[in-house]
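Below you'll find the structure, written out as structure tokens, and then a few comments.
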Amino acid sequence: MARYLHQEHRAALPTRRSPLVLFSAFSLLIPVQAHAAAFWGREPDAAGQIQFFADIVNEPDSIWTWDENTITYRIDNAFRAAFPDTRIHDQIRLAFQQWDTASTTANGSQFSYFRDNGAQAFGDIRSIAVHELGHIIGFGHPNQADDAVPNRNYRLMAGTWTPSAAVGTEVMNSFINPGRYNHILSQDELDAYDFAYGTRNLNFVEVGATDTTADITITTYTNTPSNWAQGPPTGEARDPSDPTQGTRIISGVVRWNTNSSDPLGFRTLGINWDYQNASGLSVAAFEVRTRGTNNPTPLFHYDNDGFSNPFDTYFNNPVSADFKDDLLHRWEDPIGGPIPASEVIHVGLEQDVWDWTVVSAQTVSPTNVRTNAPLLSFHDWNNLIVEGTTSLPAGEGIFQGPDERIIATGIRIVAPPTLAFVSNLWIGAVSDLDLQLDQLNRKVFEELQKAQRVFPIRGFDGVLMGQRDDKGESTAEEEFFEDFILVLSGDIEDLPKDIVEKKNFLFIDDIPGVKPGEELLLVAQSESQAGIITTFGLLGAGPIVFDPEILKGDHNLDKKISGLDIDGFIQALLDPEGYQKKTGVEASLVGDLNGDLRLSGLDISKFVSLLTGRWPMEPDLVSVAPVPEPVSFLLLTCPAALLLGRRARPRCS
């Protein structure tokens, strides 16, 4: 069920243009805007904590660094209990990977990869983890260091470290607002790493959750609701008699606030495309370039399954050092040979950000002839205003920024790279259907139309859409839009001025169930000389967030126990890896009902008791919908099959 974005959020703090900093005094990352990098400096206090920003011009050795090249970390049981979804653990691992590869990462042409497409009701855990790990290896907040007297924020300019103001979009800046992203190290963080560690590669190695010898611990705590996390290192002076020799970092703890006003986690976006090939050429491969995440492991990819000649191979690669959040996805090796011309090709992606978009797409023929495929992409949209102001006390890490108030919400349709005419749009509320990416296809769409769950958007007469070149120019003779906004809430005066002037919007009214806060299926039909494309997008799905209460036996994770959990129980028992991949939750966390810390055949009878409401449980933790006796009897008559460990579902009849 989608959560509607709160009407008020802490706002992005107005920040100056920023470079890189060396900071001291532990910091807390909180829900507001800004990011950056900096160095901690000089000797620690009596508790081993940071006191100063480093003066790297006059005291270049005064910084905090690790001596070890291999640094161990653990995601402890407190964190795992608060964030049981293992996909969140993977986001933490990706954050370590950013710093793990910093020594070999080129700066590239873009200063930073901060993304702000509007407010959302969650704090992005990977962005915050990259920030906090920056503290653990010796960097501070640029926007606070440049407030120091004298300025302790530095940028490498013409080969010389020079005091300079912070930009405000660095990873290490002290604020990040709900729903914003900063997964990738900016040029300042990379320059800072090079200054502190040179060509040394810090190799971060995960150890077990209970291994107390780990150098870094990922855990939880509670703090003020405006705080996201806290990650100071602990160190010891290299030479207690000479503070200019800096500090040796010996450990670090990243504490995640389970009391944050918006939950910590991440949010996904899934889009599928039906491509009716009109090029006259058969297809041996399909390529889609996306922008918004550098995570090489999508949550899901759809490979033309259910159509003729499904693709046997999917993979992706980074594009270049100048486009670090771009991935080139490729489907190839169709089973049965190339897909004949004029047949439908169905591919799709679910990625770990809510606002990723398509940069380009092409079909590839068996002779490597490429044809542009003008694919659309969708994501949620909102317009907000900042209310009030706030100050940033020097040396402090917790700030309550000005409020953000959302005044309009909707869906943004992003144009394909080549011109296409968008002829039809349909929309429907589907919060109760639990649709998955592989169900976003023509067959399900037609069934939903017949059931009157999806409706054409009235008043939409079609628009020409496309992207301009890097200079903002186009050779097209007709006027076209680069994006189009479907407005779900708000009035004309609540829309941005440029949208009103371009008239690239439409208010959606009087469609049953379609409103902010609902999970919505949006379907668009577009066409060009290359073919006809139907785009399916699932918008408004809730984020994957802090959730300490996983109900034992609730295998479909709908917060209640019913017959709908039987398939999940069987999969968790026979194929725990497949169950975890599908749900993000370890099978034993939800399926261990007899308390032996594992899921096995010994849990079957208790699961049946749960289904029939005969096993006493704490009423505030479990909602039981009793299952009829024949169903429970079915489970009890199949224990032998369940215990065989076969991967296929047992046939019990």
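With the condition kept exactly as written, say whether any residue in segment 119-135 is open to solvent by less than 10 Å² (accessible area, probe 1.4 Å), in contact (Cβ under 8 Å) with a residue 40 or more places away in the chain, on the phi < 0 side of the Ramachandran plot and over 18 Å from the mean Cα position of the chain (by Cα).
yes
Among residues belonging to segment 331-356 that are surrounded by 22 or more Cβ atoms within 10 Å (Cβ to Cβ) and among the charged types (D, E, K, R), point out the one that is nearest to the chain's Cα centre (by Cα).
Asp352
Looking only at segment 402-427, count how many residues are modelled with pLDDT of 85 or more, open to solvent by 30 Å² or more (accessible area, probe 1.4 Å) and part of a strand (DSSP E or B).
Result for segment 402-427: 6.
Give the residue, chosen from Leu375, Leu392, Leu328, that is modelled with pLDDT under 95, surrounded by fewer than 22 Cβ atoms within 10 Å (Cβ to Cβ) and either of a type in the set (A, V, I, L, M) or in contact with a His (Cβ under 8 Å, 6 or more places away or on another chain) (or both).
Leu392
So which residues in segment 516-566 are in contact (Cβ under 8 Å) with a residue 60 or more places away in the chain and in a helix (DSSP H, G or I), if there are any at all?
Answer for segment 516-566, where residues must be in contact (Cβ under 8 Å) with a residue 60 or more places away in the chain and in a helix (DSSP H, G or I): Gly563, Ile566.
Among the listed residues Phe139, Phe204, Phe195, identify the single one that is out of contact with any Leu (no Cβ under 6 Å at 6 or more places or on another chain) and in a helix (DSSP H, G or I).
Details: Phe139 fails: in a helix (DSSP H, G or I); Phe204 fails: in a helix (DSSP H, G or I).
Of the residues listed, the single one that is out of contact with any Leu (no Cβ under 6 Å at 6 or more places or on another chain) and in a helix (DSSP H, G or I) is Phe195.
Residue-by-condition table, conditions (1) within 24 Å of the chain's Cα centre (by Cα); (2) modelled with pLDDT of 95 or more; (3) not β-branched (Val, Ile, Thr):
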position: Gly462; (1), (2), (3): no, no, yes
position: Phe481; (1), (2), (3): no, no, yes
position: Ile499; (1), (2), (3): no, no, no
position: Val514; (1), (2), (3): no, no, no
position: Glu519; (1), (2), (3): yes, no, yes
position: Ile532; (1), (2), (3): no, no, no
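Among the residues of segment 55-111, write down those that are open to solvent by 40 Å² or more (accessible area, probe 1.4 Å), closer than 16 Å to Tyr197 by Cα and of a type in the set (A, V, I, L, M, F, W, C).
Ala106
Matching residues to (1) closer than 16 Å to Arg458 by Cα; (2) aliphatic (A, V, I, L, M):
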| residue | (1), (2) |
| --- | --- |
| Asp483 | no, no |
| Pro496 | no, no |
| Leu506 | yes, yes |
| Val514 | yes, yes |
| Gln525 | yes, no |
| Ser528 | no, no |
| Thr535 | no, no |
| Pro543 | no, no |
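Can you pull out every residue in segment 144-161 that is without any contact (Cβ under 8 Å) to a residue 12 or more places away in the chain and on the phi < 0 side of the Ramachandran plot? Working first, answer last.
Here is the first cut: in segment 144-161, the ones without any contact (Cβ under 8 Å) to a residue 12 or more places away in the chain are 149, 157-160.
Val149, Met157, Thr160, listed by residue number.
For segment 282-304: of the residues being part of a loop (DSSP other than H, G, I, E, B) and under 22 Å from Gln97 (Cβ atoms), which is most open to solvent (accessible area, probe 1.4 Å)?
Restricting to residues being part of a loop (DSSP other than H, G, I, E, B) and under 22 Å from Gln97 (Cβ atoms), the top hit is Thr297.
What tally of residues in segment 338-356 results from selecting those that are out of contact with any Pro (no Cβ under 7 Å at 6 or more places or on another chain) and within 24 Å of Lys443 (Cβ to Cβ)?
Qualifying residue count for the region: 10.
Of the residues Ala237, Ala192, which is surrounded by fewer than 20 Cβ atoms within 10 Å (Cβ to Cβ), farther than 24 Å from Asn259 by Cβ and touching a strand residue (DSSP E or B) at 6+ places or on another chain (Cβ under 8 Å)? Walk me through how you get there before you give the answer.
Details: Ala192 fails: surrounded by fewer than 20 Cβ atoms within 10 Å (Cβ to Cβ).
On inspection, the qualifying residue turns out to be Ala237.
Restricting the search to segment 260-281, which residues are more than 18 Å from the chain's Cα centre (by Cα) and surrounded by fewer than 21 Cβ atoms within 10 Å (Cβ to Cβ)?
Of everything in segment 260-281, those that are more than 18 Å from the chain's Cα centre (by Cα) and surrounded by fewer than 21 Cβ atoms within 10 Å (Cβ to Cβ) turn out to be Ser261, Gln276, Ala278, Ser279, Gly280, Leu281.
Do you know which residues across segment 428-448 are open to solvent by 80 Å² or more (accessible area, probe 1.4 Å) and either within 21 Å of Arg458 (Cα to Cα) or in a helix (DSSP H, G or I) (or both)?
Taking segment 428-448 as the starting set, the residues that turn out to be open to solvent by 80 Å² or more (accessible area, probe 1.4 Å) are 432, 434, 436, 442-443, 446-447.
Of everything in segment 428-448, those that are open to solvent by 80 Å² or more (accessible area, probe 1.4 Å) and either within 21 Å of Arg458 (Cα to Cα) or in a helix (DSSP H, G or I) (or both) turn out to be Asp432, Arg442, Lys443, Glu446, Glu447.
The values are calculated or read from the model by the stated rules, or taken from the named source; none is laboratory data. As the structure is a computational prediction, the values presented were derived from the model and not from experiment. Here Cβ is always computed from backbone atoms with ideal geometry, including for glycine, and neighbour counts include all displayed protein chains. Side chains included, ligands, DNA and RNA excluded: accessible areas come from the protein's heavy atoms. Shrake-Rupley method; radii C 1.70, N 1.55, O 1.52, S 1.80 Å.
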